[in-house]
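Encoded as structure tokens, the structure appears first; notes follow it.
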Amino acid sequence: MQRQAQYFIKTALVQLLAAMLLGALLLIGQGLQIGGLGALLPVYYHLLMLGWATQLIGGVALWMFPVLSRERPRGDERLGWFAYGALNSGLLLRAVAEPANAAAPRSVWGVLLALAALLQTLAIWALVLALWPRVKGRPAPQRRQEGS
Amino acid sequence: MPPVSRVMVRTALIHLALGSTIGGLLLAEKGLGLFPWLWLLRPSHTHLLLVGWTVQLAFGVAVWIMPRLDAAGNRGNIGLVWLCYGALNGGVALAALHPPLAALLGGLPQWPLAAAGLLYLIAAVAAVAHIWRRVRPFGAAARDVQA
């Protein structure tokens, strides 16, 4: 497994832990009727679905999808690194800015939330561009060898 | 990767890009409060990402990577996978387009949402019917031949 995939997968595992911690806090808050935690619910969903599920899928796909060529097996790896950086910085910024924006709407937190949105969207587009050319069949010569 | 998996994975990537773009617009709207009508797209965001991306990608990769049925590399009834593909994406399209179109046109009948639910069910049944027999140990096909 190449270094980039390891970063994606290990960070996805950290995001899973963070999401479960937040989910536990939300349930404890609900059980003990502690108010004010509701603004964290969308953060919990997105840590789980974007930080964990999509990042894990991205890491495994970058590792396991068919290679492009012998010279450049994984294409332009800068796209993957950009996706990694933008996704995680966007999620981190969102985790802080979303509850802060709920507490103080139309403040600087709103602008930071929009920045988090931009980072996450660009991250996904970069990931899609990195994976798109690798959705392909097996190269013909290899297929012939295996068929023989 | 067989052609049907390539089509499913690429369609899933398109859904991921679309669903995430809508999600980004919604989050930016939450921060800036410029275009409140964007919230009409929230169900589209959910359907595109949960079904169009996650479910479709998982199934497209499963068709590619799960053990084959025999030593010749037979993957089973690929027609079921195409049925799943058509039903799943038809369902996503109906479920994702209905809320904004209903708002834009001043109301729509509800039957397209019921049809989307039915299409999701058909897609799931076709997916399970295809993949069920392929849940077996790797190398089982070769061992069947030797036996």
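We did not get these values from a lab; they are worked out from the coordinates using the rules stated. What you see is a predicted model, and the numbers here were worked out from it, not measured in a lab. Here Cβ is always computed from backbone atoms with ideal geometry, including for glycine, and neighbour counts include all displayed protein chains.
Ordering B:VAL63, B:ALA93, B:VAL51 by Cα displacement along the dipole of segment B:15-147 toward the positive end leaves B:VAL63 in first place; charges were set at the Cβ atoms of Lys, Arg (+1) and Asp, Glu (-1). Computed from the Kirkwood radius of its Cα pairs, the Stokes-Einstein diffusion coefficient for segment B:3-135 at 10 °C and 1.306 mPa s stands at 100 µm²/s.
With K and R counted +1 and D and E -1, the other residues having a Cβ less than 13 Å from that of A:ALA100 yield a net charge of +2. Across peptide B:9-16, the mean count of Cβ atoms from other chains lying within 10 Å of each residue's own Cβ comes to 4. The average projected area of the protein assembly as shown, computed from the convex hull of its Cα atoms over all directions, is 18.7 nm². Ordering A:ALA5, A:LEU113, A:PRO66 by the projection of their Cα atoms onto the charge dipole of chain A, which places +1 on the Cβ of Lys and Arg and -1 on the Cβ of Asp and Glu, puts A:PRO66 at the extreme positive end. Given their separation in residues at 0.36 nm each and the Cα-Cα distance between them, B:TRP37 and B:ALA72 gain 7.1 nm when the chain is fully extended. If you add up the charges near B:ARG134, with Lys and Arg at +1 and Asp and Glu at -1, over every other residue whose beta carbon is less than 9 angstrom from its beta carbon, what do you get? Its environment carries a net charge of +4. What is the helix-to-structure angle for B:3-32, meaning the angle in degrees between its Cα long axis and the longest Cα principal axis of chain B, kept from 0 to 90 and rounded to the nearest 10? Helix B:3-32 sits roughly 30 degrees off the main axis of chain B. Cα centroid separation, segment B:57-105 to segment A:46-110: 25 Å.
Sorting the segments B:126-137, B:59-70, A:20-31, B:43-54 by their mean number of nearby beta carbons within 10 angstrom, highest to lowest, gives B:43-54, B:59-70, B:126-137, A:20-31. Within chain A, the selection of entire DSSP H helices by a Cα span of 24 Å or greater along the long axis and an average Kyte-Doolittle value of at least 1.6 returns A:108-131. Distance between the 7 Å Cα→Cβ label points at A:VAL96 and B:LEU108: 4.1 nm.
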